[in-house]
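Chemist: First the structure, which I've put down as structure tokens, then a few questions once you've had a look.
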Protein chains: 2
Amino acid sequence: MSLEVKILGSNAAAPAHHRNQSSQIVRVQNQTFLVDCGESTQIQAKKFGIRIGKINHIMISHLHGDHYYGLMGLLSTMHLYGRETRLAIYGPPGLSEIISLQLRYSETSLNFDIDFHELTPGGSDVIFENPHLTVSTFPLNHRIPCSAFLFQEKPKRRRINKNVLKEEIPPVHINALKDGKDVLDEEGNVRYSNEIYTLPPRPSFSYAYCSDTKYDESIAEQIKGIDMLYHESTFTKEFVDRAHATFHSTAEEAAIIAKKAGVGKLLLGHFSNRYKDLSPLLAEAKSVFKNSALAIEGETFIVDE
Amino acid sequence: MSLEVKILGSNAAAPAHHRNQSSQIVRVQNQTFLVDCGESTQIQAKKFGIRIGKINHIMISHLHGDHYYGLMGLLSTMHLYGRETRLAIYGPPGLSEIISLQLRYSETSLNFDIDFHELTPGGSDVIFENPHLTVSTFPLNHRIPCSAFLFQEKPKRRRINKNVLKEEIPPVHINALKDGKDVLDEEGNVRYSNEIYTLPPRPSFSYAYCSDTKYDESIAEQIKGIDMLYHESTFTKEFVDRAHATFHSTAEEAAIIAKKAGVGKLLLGHFSNRYKDLSPLLAEAKSVFKNSALAIEGETFIVDE
């Protein structure tokens with residue numbers, strides 16, 4: 001199992017230089033999450049082979065238009081294509097009202113249900129949990145309430161070492177071994193030693209999406225040691241004053257957060273229109289945190305073993 | 001002077017086959033109108049060399065998303081690019097509330113003013129008038145209130161025939177001649193005969209935008225003899241039942257309206273996703289009304305002498 005991030009839009013504020021506005025697909029544990037949904041996300045999804053019917057969850061970080069103006073169009077297209085599967089939407093207070101108002105005036109009743117989960121401004125919530133995965137939020141430092149999303153696979157079970165355990169044994173014993181226990185015989189002696197018959201669990205992966213935010217060291221505390229971090233990097237450091245004034249970050253600041261948190265890899269995004277060529281942003285981040293990459297349209301980033 | 005229509009989006013319901021949703025630019029008498037604004041209109045405008053700062057007026061025919069989901073993104077980009085010029089928006093009841101709600105949650109105060117003109121559902125209004133041009137609405141026959149837009153240049157003045165009138169004469173006399181009067185001398189005799197010294201006015205052009213609507217003969221009454229008509233043609237006639245059920249028209253029905261009204265030219269648009277190849281729609285319309293054309297992305301249609 002792996003964790004996969006596919007970038008649908010990388011630009012801040014307005015589309016420019018053939019870059020769309022924020023949106024990405026996160027696939028993990030058989031769940032498909034759409035994270036932010038700038039205008040034209042449905043077109044980008046089609047361009048990059050994403051089947052929108054597979055999306056189970058849509059998360060909107062905040063209510064600046066470059067992060068959600070594609071949502072109504074996407075919902076309409078899901079409806080037109082006959083979707084009947086429930087859809088979970090996670091967003092700030094106001095998003096539900098914005099959706100409802102537009103559906104009301106178009107006299108449209110969607111043929112699928114929406115489970116709307118309102119995010120707590122300034123809060124940290126577990127918004128999704130199943131036996132394999134937790135998705136939680138924590139607050140970013142932006143002009144309006146904005147949430148980061150943290151995807152964490154739960155610890156996995158030990159694996160049967162099939163090179164050693166060659167005979168068939170009852171499922172109850174398999175489960176005991178996977179749970180890290182020894183299997184005993186009727187006299188209470190060890191029949192199958194966990195140490196011998198199992199291998200360590202596969203690693204659990206983690207990913208955080210942090211957009212939009214000014215530089216804030218509390219972010220590093222929230223994401224200690226995660227495998228991959230998307231952190232906005234709207235400007236190069238020469239525009240640090242502009243970054244602070246607009247509650248955004250420079251590429252260097254994104255890299256400092258990545259370094260402080262000790263993450264595995266840093267993805268840069270939410271680029272200002274002033275950069276047609278993004279290489280200065282990448283170079284700036286790499287000078288602080290080497291394993292940095294530009295999260296541009298169509299790129300896929302996979303965390304696996 | 002001419003009247004020019006530039007197509008930014010031609011598809012119904014959802015984007016497909018590299019076709020965007022309804023939007024077009026109408027340029028007439030130094031005014032630039034954006035008529036409908038489906039998702040990604042701002043990207044289409046850029047692609048086809050339209051400077052969005054030049055748009056004076058935005059008209060939204062109705063509140064189905066394929067006709068307005070690009071509006072908020074366009075307004076945001078105008079704001080980001082520093083627009084300060086007032087913008088007129090004409091739309092159905094509800095549109096103003098939809099815009100205000102989204103601006104409120106994004107805590108955005110646009111740096112230009114919007115003059116919002118609410119269209120009367122089922123009504124006919126003059127929504128714009130200056131000495132040269134009138135734009136009016138009339139009702140279409142759709143599932144929710146939907147307005148057609150009719151652009152009519154006012155009758156122009158007669159022109160001085162410079163081949164005959166070679167001397168300089170006072171402006172008051174020029175104006176009298178242009179107004180169709182003779183210029184008299186002090187004794188009351190004809191000094192400059194209008195018939196001799198002027199040429200007939202240049203023609204005045206007219207254009208109507210009719211989307212979305214089921215077949216309705218009252219439309220033909222509203223647009224008698226206009227130069228150019230855009231009429232939706234969502235389906236071919238084999239799907240006439242579906243067209244009626246969804247309050248849309250077939251290409252044949254659009255052509256019948258064009259023929260009954262005696263218009264100069266018919267533009268077809270708002271194509272269903274089921275048509276990758278649009279030639280059956282064009283052929284069907286042409287069999288009834290020869291001067292028909294597909295109003296697809298990037299095409300420009302000009303009415304002039």
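Chemist: Of all the residues that make up region B:112-123, how many are farther than 25 Å from A:LEU103 by Cβ and either without any contact (Cβ under 8 Å) to a residue 24 or more places away in the chain or within 14 Å of another protein chain (Cβ to nearest Cβ) (or both)?
Modeler: 0
Chemist: Quick one: is A:SER40 over 13 Å from the mean Cα position of the chain (by Cα) and either farther than 23 Å from A:ASN141 by Cβ or in contact (Cβ under 8 Å) with a residue 40 or more places away in the chain (or both)?
Modeler: Judged against the criteria, A:SER40 is a match.
Chemist: Those residues that are surrounded by fewer than 17 Cβ atoms within 10 Å (Cβ to Cβ) and at pLDDT 95 or above, I need them from region B:202-231; list them, please.
Modeler: Within region B:202-231, B:GLU217, B:SER218, B:GLU221, B:LYS224, B:GLY225 meet the criteria.
Chemist: For region B:124-196, give me every one of the strands (runs of 3 or more DSSP E) that falls completely inside it and has 3 or more residues that are closer than 27 Å to B:LEU229 by Cβ, within 14 Å of chain A (Cβ to nearest Cβ) and among the small types (Gly, Ala, Ser).
Modeler: Answer list for region B:124-196: none.
Chemist: Then there's this: Looking only at region B:278-293, count every residue that is closer than 10 Å to B:ALA258 by Cβ and in contact with a helix residue (DSSP H, G or I) (Cβ under 7 Å, 6 or more places away or on another chain) and tell me the total.
Modeler: Summing the residues that are closer than 10 Å to B:ALA258 by Cβ and in contact with a helix residue (DSSP H, G or I) (Cβ under 7 Å, 6 or more places away or on another chain) in region B:278-293 gives 4.
Chemist: Can you name every residue in region A:261-305 that is more than 24 Å from A:LEU150 (Cβ to Cβ) and among the aromatic types (Phe, Trp, Tyr)?
Modeler: Listed by number, the list holds a single entry, A:TYR275.
Chemist: Here are B:LEU165, B:LEU133: which of them is modelled with pLDDT under 95 and surrounded by 14 or more Cβ atoms within 10 Å (Cβ to Cβ)?
Modeler: B:LEU165
Chemist: Of all residues in region B:216-231, count the ones that are farther than 27 Å from B:ASN20 by Cα, assigned to a helix (DSSP H, G or I) and touching a Ser or Thr at 6+ places or on another chain (Cβ under 9 Å).
Modeler: 1
Chemist: Which of the residues that make up region A:261-305 are more than 24 Å from A:TYR68 (Cα to Cα) and polar (S, T, N, Q)?
Modeler: A:SER279, A:SER287, A:ASN291, A:SER292
The values are calculated or read from the model by the stated rules, or taken from the named source; none is laboratory data. Being a predicted model, the structure only gives us computed values, none of them experimental. Here Cβ is always computed from backbone atoms with ideal geometry, including for glycine, and neighbour counts include all displayed protein chains.
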